[in-house]
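Beneath this line is the structure, given in structure tokens, with notes to follow.
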Amino acid sequence: MPAPAHQITRRSALRGLAAGAAALAAPGVFRKHALAAPSETLRHASFGASGMALADVRSLAASPHFKLVAVADVDLSRTGEIKSLFPDVTVYQDWRELLDKEKGLDSVNVSTPDHMHAPIAMSALQRGLHVYGQKPLTQTIHEARRLTEAAARETKLVTQMGIQIHSHPVHRQVVATIKSGAIGKVKEVHSWSGKDWGDRNPRPDRTDPVPAGLSWDGWLGVAAERPFLDGYYHPGNWRKRLDFGTGTFGDMGCHILDPVYEALALTAPKSVRSDGDTPGADSWGLDNRVHYVFPATPHTAEELSLHWYNGAHRPSDEIKALLGGREMAGQGSIYIGSEGVLYSPYIDAPVLLPEDKFKETKLPEVQGADHYVQFLDACRGEGQASAPFAYAGPLTEMVLLGCLATRFPQTTLEWDAPSLKVVNSPEATALVRKKYRSGWEVEGL
């Protein structure tokens, strides 16, 4: 029996989206997939073998048209489980070698730390491969723009960003409700996450031995050289670091602001300002508070004001009062319109407020989809991906502009999207793009 709406979590939602994938531990699953005609089978490679990459592969394998051919991971000590699940898979330590040697591929997933998303995805597109790329699509705004343009040129290739909740029924319902005009023209949105992926401490002044099986040079990839620090970057804390991740905002912003961006048909913001934590020399801040101003769309007032909070920050008591006594969820959004309010707890059913006004209003009926299988079906010419790079690229640009703003606190940054410039800050513009390490350059980036 499915969980009631109020009990849905991101983890249970992902389990639901990947229904059937849990059976992957049984060898019979892979024999079953062999029943698909060769012409219908997608030969797939994964960049990443454990963590989110393994979760992505498990979910993709829910499709009978999926065959994992190869995997690349810089840490060979973390490839055991994927080899046990897919005994015939070829394992590489260098992703470039995989792309050079595996000539019969159809599709890939890029599920590495953020700093390697763009180099690998761009290289895959240039080889004519369909790409499922984890969020955030890239680590820099410039990379997001270039991937969007590359995907637009390669019109026969299918792309999808790994914002799996994009296809979940409760998110689809939020989008449909806002687009229906139930709360009128939206003038203000407040979105938040209680997560705090950052670090106020300086980088440790030491060098640790590189573990057996790990290519530290390969893990660094396009980033500048530095000593290995046990537990500081790999495997779990890279998201906190400026050169490798995007902090809480870059990660959770792509999830939580996705329905906001889609429902309101937002374009590039006019300005952005941070009044929260400032990153240190090496790591992202913990407690962010960022304010965007967007131009009007058919679903908004003359201007839209979007407020983001994470870590210890939350919307004001005045905004919380709009919930009518409800406890504010750990993550979510509040849309304030000319005719009412929509409260959208993260991965939970939306609520129209005030309750008395909307007690007879029925929310739109929507259907969800399996985000992964949808991608594979689209690769085979059946249907379309719902979060292609044409959509995910601009969404990522918007989120990453907020991350950039945290590096220039108490400063309203005026954004010129066509030229990828912060009009009033050459210093901020300089961080829109990063320089790749010598020998790791990728054409088009």
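The values are calculated or read from the model by the stated rules, or taken from the named source; none is laboratory data. Given the structure is predicted, the values throughout are model-derived calculations rather than measurements. Don't worry about glycine lacking a Cβ; one is built from the backbone with ideal geometry, like all the others, and counts go over all protein chains shown. Accessible surface is based on the protein model in full, side chains and every heavy atom, while ligands, DNA and RNA are left aside. Shrake-Rupley method; radii C 1.70, N 1.55, O 1.52, S 1.80 Å.
A few remarks follow.
- Restricting attention to segment 308-317, the residues that are open to solvent by less than 40 Å² (accessible area, probe 1.4 Å) and closer than 15 Å to Ile334 by Cα total 4.
- In segment 277-298 there is no residue that is touching a helix residue (DSSP H, G or I) at 6+ places or on another chain (Cβ under 8 Å), in a loop (DSSP other than H, G, I, E, B), open to solvent by 10 Å² or more (accessible area, probe 1.4 Å) and of a type in the set (Val, Ile, Thr).
So that you can scan it fast, the table gives a plain yes or no per residue for (1) open to solvent by 10 Å² or more (accessible area, probe 1.4 Å); (2) on the phi < 0 side of the Ramachandran plot; (3) not in a helix (DSSP H, G or I):
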residue: Arg200; (1), (2), (3): yes, yes, yes
residue: Pro204; (1), (2), (3): yes, yes, yes
residue: Ala212; (1), (2), (3): yes, yes, yes
residue: Gly218; (1), (2), (3): yes, yes, no
residue: Ala224; (1), (2), (3): yes, yes, yes
residue: Met252; (1), (2), (3): no, yes, no
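- Here Ala430 fits the description: at pLDDT 95 or above, among the hydrophobic types (A, V, I, L, M, F, W, C), more than 20 Å from the chain's Cα centre (by Cα) and exposed (fewer than 13 other Cβ atoms within 10 Å of the Cβ).
- Just one of the listed residues (Thr396, Thr406, Thr412) is in contact with a helix residue (DSSP H, G or I) (Cβ under 6 Å, 6 or more places away or on another chain) and at pLDDT 95 or above, and it is Thr396.
Let's see how each residue does on (1) open to solvent by less than 40 Å² (accessible area, probe 1.4 Å); (2) among the aliphatic types (A, V, I, L, M); (3) under 30 Å from Ile347 (Cα atoms); (4) not in a helix (DSSP H, G or I):
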{"residue": "His115", "(1), (2), (3), (4)": "yes, no, yes, no"}
{"residue": "Ala118", "(1), (2), (3), (4)": "yes, yes, yes, no"}
{"residue": "Pro136", "(1), (2), (3), (4)": "yes, no, yes, yes"}
{"residue": "Ala144", "(1), (2), (3), (4)": "yes, yes, yes, no"}
{"residue": "Ala152", "(1), (2), (3), (4)": "no, yes, no, no"}
{"residue": "Thr155", "(1), (2), (3), (4)": "no, no, no, yes"}
{"residue": "Glu188", "(1), (2), (3), (4)": "no, no, yes, yes"}
{"residue": "Lys195", "(1), (2), (3), (4)": "no, no, yes, yes"}
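- Within segment 206-232, being over 26 Å from the mean Cα position of the chain (by Cα) and among the β-branched types (Val, Ile, Thr) holds for Thr207, Val210.
- Applying a threshold of 7 Å to beta carbon distances and a minimum spacing of six or more residues, or different chains, the list of pairs starting in segment 74-86 at a residue that is open to solvent by 80 Å² or more (accessible area, probe 1.4 Å) and ending at one that is modelled with pLDDT of 95 or more and hydroxyl-bearing (Ser, Thr, Tyr) reads Arg78/Ser50; Glu81/Ser50.
- Index of the failed condition, Ala22 passing every other in (1) open to solvent by 30 Å² or more (accessible area, probe 1.4 Å); (2) farther than 30 Å from Ala329 by Cβ; (3) small (Gly, Ala, Ser); (4) at pLDDT below 95: (2)
- The set of residues from segment 157-179 being more than 19 Å from Pro345 (Cα to Cα) and either among the small types (Gly, Ala, Ser) or part of a loop (DSSP other than H, G, I, E, B) (or both) comprises Leu157, Val158, Gly162.
- Of all positions in segment 353-372, at least one carries a residue that is among the β-branched types (Val, Ile, Thr) and out of contact with any helix residue (DSSP H, G or I) (no Cβ under 6 Å at 6 or more places or on another chain).
Matching residues to (1) in contact with a Lys or Arg (Cβ under 6 Å, 6 or more places away or on another chain); (2) more than 30 Å from His44 (Cα to Cα); (3) touching a residue at least 40 places away in the same chain (Cβ under 8 Å); (4) open to solvent by 30 Å² or more (accessible area, probe 1.4 Å):
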position	(1), (2), (3), (4)
Ser344	no, yes, yes, no
Phe358	no, yes, yes, no
Val366	yes, yes, yes, yes
Asp377	no, no, yes, yes
Arg380	no, no, yes, yes
Gly383	no, no, no, yes
Phe389	no, no, yes, no
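- The set of residues in segment 259-276 being part of a loop (DSSP other than H, G, I, E, B), of a type in the set (Gly, Ala, Ser) and surrounded by fewer than 20 Cβ atoms within 10 Å (Cβ to Cβ) consists of Ala265, Ala268.
- Among the residues listed as Ser59, Ser63, the single one being part of a loop (DSSP other than H, G, I, E, B) and at pLDDT 95 or above: Ser63
- Evaluation of Arg326 against (1) in contact (Cβ under 8 Å) with a residue 24 or more places away in the chain; (2) part of a helix (DSSP H, G or I) (one fails), failing number: (2)
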